[in-house]
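A.B. asks: If you scroll down you'll find the structure; I have some questions about it.
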Amino acid sequence: MYMGRTLDELTGVPVSEWEMEELSYHHFAMSQLSPLMNAQGISLHHQVIKEIERRGGLHDSKDENHPGTDRESYNEHRFTF
């Protein structure tokens, strides 16, 4: 489960200063919400993607604490209707 800084806490912090775990988590979250984001959100997501690419991209790892690989955490935060 992700325990890093929220987007509110990261406001004003340059994306280049975010930890890789923060970039990975918020990229995943923004990818899921992209159809609902406004221009500012889309712009931030593009900055996150560029920073991830600048650092060499995301690497698949079974040990990575990421919502896409951590099914318990992912299911814990799913909305059910």
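A.B. asks: If each residue of separation counts as 0.36 nm, what is the full-extension length gain between LYS50 and MET3 once their alpha-carbon separation is subtracted?
C.D. replies: So the chain would gain 14.6 nm between LYS50 and MET3.
A.B. asks: If you don't mind, another one. Using the Karplus curve 6.51 cos²θ - 1.76 cosθ + 1.60 with θ = phi - 60°, what ³J(HN,Hα) values do you get for each residue of segment 11-25, in whole Hz, with x for Gly and Pro?
C.D. replies: Karplus values, whole Hz, x for Gly and Pro: 4, x, 8, x, 4, 5, 9, 6, 6, 4, 4, 5, 4, 4, 5.
A short reminder: the numbers here are calculations on the coordinates, not readings from a lab. A quick note: this is a predicted structure, and the numbers were derived from the prediction, not measured.
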